[in-house]
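This report concerns only the one structure given below.
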Amino acid sequence: MSLTTHEENGLVYFTSPLLDACGGVAHGFSTRKGGVSKPPYNTMNLAPNRGGDRPAVEENYRRFCGAVGIDMHRVVLANQVHQTTVLQVTRERAGMGLWRERDYTADALVTNEQNLPLVVFSADCGIILLYDPAANCTGAVHAGWRGCAAGILEKAVRELERLYGARAERILAAIGPCIGPCCFETDGDVPQAMTESLGADAAPYLENRGAKWYVDLAGLNRQWLLRAGVRPEHIDVSGLCTCCRTDLFWSYRKVGGQRGAQVAMISLR
Ligand SMILES: [Zn+2]
């Protein structure tokens, strides 16, 4: 299923029907809409370290976290480096990345502790939320093409199983907005990396046109979830392209480095 759109007082965000139906987690995917940051960070910039006005970022967290029902003072922010580290987050790290310095780099965060919100960032890259309602554990994953090709999603699922007794066939997953196959034009390096790791399973998501390729990153991330054992009926996908919809999202490809970022956030109740 696709994600549900919420609009409250100018704030626009998305949630996963699968996660909403469970009730065990608060979560959301942010957009540019509903914050107070000034251009080029207008308006809902949730990246505290990209430049932009610090008080505005804090106000944006207050608004977004308030809307989705998450404690802004305890958020734990990923420190993304396009690798495959999956960090086991414990309460000692509450607030890191927003209120305190991070002492880690990690593109994926997992936890089984309540009220310990996990946050990952995107401006074209894939952001994915995971939840096993029976084992009561969550994950937030940043999967750009490098992380995708390196199998970060499968690794995150395996870590949820190993650390918390999750089982892939119970895990619910929500794939947020990312750059779509309409806009993700690449050279041969991206298809090659995907094919090296996924084999023939990558082919349906790679379209060749002349010297260029068009890559379906959300489709590839979904394929990794299936490979990890997540059931197809347990995966929601946004389907929106961050590069087409710059009214709603930041896109690295469209606007470069001077920009804010949208997030995916999840917290056990
Ligand atoms: Zn597009």
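The values are calculated or read from the model by the stated rules, or taken from the named source; none is laboratory data. Not measured: the values here are computed from a predicted model. Every residue, glycine among them, receives a Cβ derived from its backbone with ideal geometry; neighbour counts consider all protein chains shown.
Worth a mention:
- Residue ranges of helices (runs of 4 or more DSSP H) in the stretch 178-269 with at least 1 members in contact with a helix residue (DSSP H, G or I) (Cβ under 9 Å, 6 or more places away or on another chain) and under 20 Å from A149 (Cα atoms): 189-198, 217-228
- Matching option when the condition is β-branched (V, I, T) and crowded, with 22+ Cβ neighbours inside 10 Å, among T242, T246: T242
- Qualifying residue in the stretch 104-126 (condition: charged (D, E, K, R) and in a strand (DSSP E or B)): no
- Selection within the stretch 1-43 - out of contact with any helix residue (DSSP H, G or I) (no Cβ under 7 Å at 6 or more places or on another chain), crowded, with 19+ Cβ neighbours inside 10 Å and not in a strand (DSSP E or B): L3, S16, L19, T31, R32, Y41, T43
- Checked across the stretch 150-169, the condition of being in a strand (DSSP E or B), modelled with pLDDT of 95 or more and not basic (K, R) holds for no residue.
- The residues of the stretch 249-268 that are under 30 Å from N112 (Cβ atoms) and either surrounded by fewer than 19 Cβ atoms within 10 Å (Cβ to Cβ) or more than 16 Å from the ligand (Cβ to nearest atom) (or both), listed by number, are A261, V263, A264, M265, I266, S267, L268.
- For L129, the stated conditions do not hold, so it cannot be described as surrounded by 24 or more Cβ atoms within 10 Å (Cβ to Cβ) and outside any strand (DSSP E or B).
- Residue among C182, C178 that alone is within 16 Å of the ligand (Cβ to nearest atom), buried (at least 18 other Cβ atoms within 10 Å of the Cβ) and of a type outside the set (S, T, Y): C178
- The residue that is surrounded by the fewest Cβ atoms within 10 Å (Cβ to Cβ), counting only those in the stretch 208-239 that are over 14 Å from the mean Cα position of the chain (by Cα), among the charged types (D, E, K, R) and under 21 Å from D189 (Cα atoms), is R209.
- Subset of the stretch 43-73 [within 13 Å of L116 (Cβ to Cβ) and touching a Ser or Thr at 6+ places or on another chain (Cβ under 8 Å)]: I70, D71
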